[in-house]
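Just so you know, all these numbers are worked out from the coordinates, no wet-lab data involved. All figures in this text were calculated on a predicted structure; none of them were measured in a lab. Methodologically, a virtual Cβ is constructed for each residue, glycine included, from the backbone with ideal geometry; neighbour enumeration extends over all protein chains shown.
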Amino acid sequence: MLLLRSSKTVLIITTMFMVACSGEPDRAVEPTADLDIRIGRLDHDLFHASPDSIRAASLKAYATYGDFYRVYIEQILQGAPVDDPRLPLVLRRFVLDPDWSVAQRAVDSILGDMEPQREQFELAFERLHALFPDSLIPRVVAFNSGYNYGIFPTDSVLGIGVEWFIGKDHPVIGYLAPEQFPLYVKERMTPEMIVPSAVKGWLLVHYTRDIRGADVLTNLVETGKVMALLNALMPEVEPNLNFAFSKEQLAWCEANEFQIWKDIIGKDQLFSKKSDDIGRLMNDGPFTPGFPRESPGHIGEWVGYRMVSAYLKESAKVTFAQLFAMEDPRAILKDYKPR
């Protein structure tokens, strides 16, 4: 029987300027090279294969995707070792399972060939290449994870569990257990969240330093750097989507910025290294503990973004490469004046 890991939300940016998040100017980036980004359709390779030819489809997928196919089989699906002779049987059961096959049909119907997403990825990574010329541009691979992972970045591959993005109102999403998939998670399971979620996941893995044991301020600033970069890479995307907020939640943050900051300072948490203090602001949830239910979860991402945005506004000559090289968060904090 196919063993699936308990479901996880892994949903675990020049000199010209344009308006993006919260009305603040973000640095627009002109691509300097044409990249050819393609989306590998591992989901199609398996679910569109004849059940009687699943072994051949598996071998072809291994040849096509290399070590990422092993990661997919062994870590994402946790089905069987990739060289286990029983793997074709495991995969056959997976693709014929009514739950997963219905989800895949929804993917095929709603996302189609994913050409709009491909174009978004291409432009975002062209901008990233312009800012970080030596950066690795990932291979983008779409798969059906059986609702184990929405986004799965590796060293060189940006994996996307496409069944997570078929629309919050689709019946398949409604069947997901609410204790594992609460409403605030289901609200984000929409096609327009694919690219911002995936690019954000890639940046969080590849463009943040190890800050384990650091204080709240460091966590805010390091995540704020990623959000500023994400907004620079994807200025066409609705600002709330980059934060995985609703429009109403983002509006609430904008209207209550000073009170949010006053709460953090008033609780004397800015330089706290306590996991509870960090988690309150950085962890996901339906809202942020200690704030009204109109607030979003992981509100620290937005606060950090506001800090970094203020710093970049006052330091026009600082490049993103220089920003990410900065290790002292207090240097960025000095320009932040919450409204």
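Computing Rg and the Kirkwood Rh from the Cα coordinates of the range 216-333 gives a ratio, Rg/Rh, of 0.95.
At 222 nm, what helix-only mean residue ellipticity would the chain give, in deg cm²/dmol to the nearest 500, using -39500 (n - 2.57) for each DSSP H run of four or more? Please report the intermediate quantities before stating the final value.
On the way: 17 runs with 162 residues, N = 339.
Here the helix-only value at 222 nm equals -14000 deg cm²/dmol.
Among 196, 156, 299, flag the residue with its Cα farthest along the positive direction of the charge dipole of the chain, charges on Cβ as +1 for Lys/Arg and -1 for Asp/Glu. About the Cα centre, the residue reaching furthest to the positive side is 299. Taking amide H atoms as placed 1.01 Å from N in the peptide plane, the amide H of residue 40 lies under 5 Å from those of 140, 141, 142, each 5 or more residues away in sequence or on another chain. Highest mean packing first, where packing is the average number of other Cβ atoms within 10 Å per residue, the peptides 322-328, 106-112 line up as 106-112, 322-328.
To the nearest 20 debye, what is the magnitude of the charge dipole of the range 17-206 about its Cα centre, counting +1 on the Cβ of each Lys and Arg and -1 on the Cβ of each Asp and Glu? Could the numbers behind the result be given before it?
Numbers: 17 positive and 27 negative charges, 93 e Å.
The dipole of the range 17-206 has a size of about 440 debye.
When +1 charges are put on Lys and Arg Cβ atoms and -1 charges on Asp and Glu Cβ atoms, the dipole computed for the chain relative to its Cα centre reaches about 600 debye.
How do 59, 131 line up, fewest other C-beta atoms within 10 Å first? Before the final figure, lay out the partial values.
Values: 59 13, 131 21.
Least to most surrounded, the residues fall as 59, 131.
When each of the peptides 121-127, 261-267, 281-287, 227-233 is scored by the mean number of other C-beta atoms lying within 10 Å of its residues, the order from highest to lowest reads 227-233, 121-127, 281-287, 261-267. Here are a few candidate values for P(r) over Cα pairs in 20 Å bins from 0, in percent: (1) 33, 62, 5; (2) 32, 49, 18, 1; (3) 30, 55, 14, 0. Which one was actually calculated from the structure I just gave you? Calculated P(r) over Cα pairs in 20 Å bins from 0, in percent: the matching label is (3).
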